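The values are calculated or read from the model by the stated rules, or taken from the named source; none is laboratory data. Values in this document were obtained by computation on a predicted structure and should not be read as measured data. Note: ideal-geometry Cβ built from the backbone for every residue, glycine included; neighbour counts use all protein chains shown.
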Amino acid sequence: MNRFAFVIHPLDASDVARKYALARYLPARLVERMAQGIQPKVVSHITGIRSATGAEAEGWFIGCPLTARVIMNGKPELVERRLIESVQVAEQVGARIVGLGAFTSIFGDAGITLAKHVGIAVTTGNSLTVATAIEGAFRACELMKMDPKQAAAGVVGAAGSIGRVCCHLLKDHVGSLTLIGLQQDDLEALKQELEQAGSCPITIRRDPKVVLPELDLLVSVTSAVDTVIHAEDLKRGAVVCDVARPRDVSKDVARKRNDVLVIEGGVVEVPGNVDFGFDFGFPPRTAYACMSETMVLALEGRYESFTLGRGLTLEGVLEIQALAKKHGFRLAGFRSFERAVTTEHIAAIRKAAGR
Ligand SMILES: NC(=O)c1ccc[n+]([C@@H]2O[C@H](COP(=O)([O-])OP(=O)(O)OC[C@H]3O[C@@H](n4cnc5c(N)ncnc54)[C@H](OP(=O)(O)O)[C@@H]3O)[C@@H](O)[C@H]2O)c1
């Protein structure tokens, strides 16, 4: 049997409260502090993954008790210790590869140090996340009857690990591309890299508020702990693929904007009759793309640290996309703010957008 594990963590204090009911009555900061004292452990056993090739895999979710805020702003020594313990639990239960979920793949050098503390492979899962996000974004354009070639596109968090390769995949298929992020130097370097490879016109913006109202297609993939895209920021008829967890797009967009389509990026249908043994808020038999990358590698028997560190390659993204298809992983139906997006919903958005 092919064996893998995947490290998950609470995005915020309300996630901790779903597991420990008492936490509901305590202030969020106190809950986060108390959770730091909990050792990482197995959360569930994952069974029933069956590839289109007939290969099977089983796995474990390993729960790391730190929230996104603590991983980003907490004491680095504590965060590193908890993450090392998490991947060590994965090794102890018999996994041969471990994937890093959400902010556990962002901390420090994006898995490189963690991999040195175990004798099993480690992957961030970011390569399949990129492939799935871009596939989803283009599919959403099709449904909204938007021609990407005519679209003013933008990537928020463009210079990040996932954002950078998303830009490479977008640059030949959109009308123009705006790189949005925090550090001017990183954005300039990326602009140069993209232009050298030949691309559509590229601009740089550091303030999303200024540029978002002009963009038709957005991929958002920042490591911000709080939301960065709000209802008043978006252009009528815009398509937004929100890859970030916690999400970049504020919930008020769902309430106030019936003329834009926001989809969750990186949601994948898993082959077989998979039982995750744990409810992470998705419909049955679907998973995040980063989880799926770990499963694909296990099914393929590729026990190697496929995506590690921040330097993702286009070749790696295309290779894992092909392997995922081979094993029967597919882009799942769209979800928006934890709900399935129906054809009627998209038709209503198109109408409100005057399209
Ligand atoms: N859906 C999925 O399956 C899936 C899978 C993996 C990861 N993710 C999510 O993807 C996101 C990004 O991951 P990553 O590995 O690419 O992280 P990363 O390498 O740290 O990149 C994040 C980028 O966002 C920028 N940023 C942070 N706050 C920002 C803000 N307020 N406005 C604009 N840019 C901002 C960062 O700039 P600085 O470097 O200057 O801070 C950095 O360039 C995370 O939310 C992660 O949880 C989702």
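Take the range 257-284 and flag every residue that is farther than 19 Å from M1 by Cβ, away from the ligand (no atom under 16 Å from the Cβ) and charged (D, E, K, R).
Listed by number, the residues that qualify are R257, D259, D279.
Go through the range 240-295 and tell me which strands (runs of 3 or more DSSP E), entirely inside it, have 2 or more residues that are closer than 15 Å to H45 by Cα and either of a type in the set (V, I, T) or assigned by TED's automatic domain parsing to the domain that holds L66 (or both). Before the answer, list the steps.
Working: elements: 261-264, 267-269, 272-275, 286-288.
Once the strands (runs of 3 or more DSSP E) in the range 240-295 are filtered for at least 2 residues that are closer than 15 Å to H45 by Cα and either of a type in the set (V, I, T) or assigned by TED's automatic domain parsing to the domain that holds L66 (or both), what remains is 272-275.
Could you check the range 12-39 and list, in sequence order, the residues that are under 23 Å from the mean Cα position of the chain (by Cα) and buried (at least 18 other Cβ atoms within 10 Å of the Cβ)?
Within the range 12-39, A13, D15, V16, E32 qualify.
Are there any pairs with C-beta distances below 6 angstrom linking a residue in the range 144-168 that is under 20 Å from L187 (Cβ atoms) to a residue that is hydroxyl-bearing (S, T, Y) and at pLDDT 95 or above, with the two at least 6 apart or on different chains, and if so which?
Filtered contacts from the range 144-168: A152/S176; G154/T178; V156/S220; V156/T222; G157/T222; I162/T129.
Only one of (1) touching a residue at least 24 places away in the same chain (Cβ under 8 Å); (2) within 16 Å of the ligand (Cβ to nearest atom); (3) surrounded by fewer than 20 Cβ atoms within 10 Å (Cβ to Cβ); (4) of a type outside the set (D, E) is not met by K191, so which one is it?
Failing condition for K191: (1).
Which residue is nearest to the ligand (Cβ to nearest atom), if the candidates are limited to the range 296-312 and must be of a type in the set (A, V, I, L, M) and part of a helix (DSSP H, G or I)? It would help to see each step written out before you state the result.
Filtering the range 296-312 for residues of a type in the set (A, V, I, L, M) gives 296-299, 308, 312.
With part of a helix (DSSP H, G or I) added as a condition, the list becomes 296-299.
On the way: V296: 13, L297: 15, A298: 17, L299: 18 Å.
Per the stated criteria, the residue is V296.
Farther than 26 Å from H327 by Cβ, within 19 Å of the chain's Cα centre (by Cα), surrounded by fewer than 24 Cβ atoms within 10 Å (Cβ to Cβ) and among the β-branched types (V, I, T): which single residue out of I84, I106 fits that description? If you could, list the steps in order and put the result at the bottom.
Details: I84 fails: within 19 Å of the chain's Cα centre (by Cα).
After applying the criteria, what remains is I106.
Kindly establish whether R139 is within 24 Å of V268 (Cβ to Cβ), of a type in the set (K, R), in contact (Cβ under 8 Å) with a residue 24 or more places away in the chain and more than 13 Å from the ligand (Cβ to nearest atom). Write out each step before concluding.
Values: within 24 Å of V268 (Cβ to Cβ): yes; of a type in the set (K, R): yes; in contact (Cβ under 8 Å) with a residue 24 or more places away in the chain: yes; more than 13 Å from the ligand (Cβ to nearest atom): yes.
Yes: the conditions hold for R139.
Mind telling me which of the residues G198, G157, G125, G163 ends up being more than 18 Å from L215 (Cα to Cα), modelled with pLDDT of 95 or more and of a type in the set (G, A, S)?
Working: G198 fails: modelled with pLDDT of 95 or more; G157 fails: more than 18 Å from L215 (Cα to Cα); G163 fails: more than 18 Å from L215 (Cα to Cα).
One residue alone meets the criteria, G125.
Filter the range 19-71 for residues that are touching a residue at least 60 places away in the same chain (Cβ under 8 Å) and of a type in the set (S, T, Y) and give the result. Talk me through it step by step, then tell me what you get.
Residues of the range 19-71 that are touching a residue at least 60 places away in the same chain (Cβ under 8 Å), as a first pass: 43-53, 55-57, 59, 61, 68-69, 71.
Hits for the range 19-71 are S44, T47, S51, T53.
Mind listing whichever residues of the range 226-245 are within 16 Å of the ligand (Cβ to nearest atom) and buried (at least 18 other Cβ atoms within 10 Å of the Cβ)?
T227, V228, I229, D233, L234, V240, C241, D242, V243, A244, R245
Residue check, D248 against (1) away from the ligand (no atom under 14 Å from the Cβ); (2) touching a residue at least 40 places away in the same chain (Cβ under 8 Å); (3) of a type outside the set (K, R); (4) within 20 Å of V341 (Cβ to Cβ), all met but one. Which one?
Going through the list (1) away from the ligand (no atom under 14 Å from the Cβ); (2) touching a residue at least 40 places away in the same chain (Cβ under 8 Å); (3) of a type outside the set (K, R); (4) within 20 Å of V341 (Cβ to Cβ), D248 breaks only (1).
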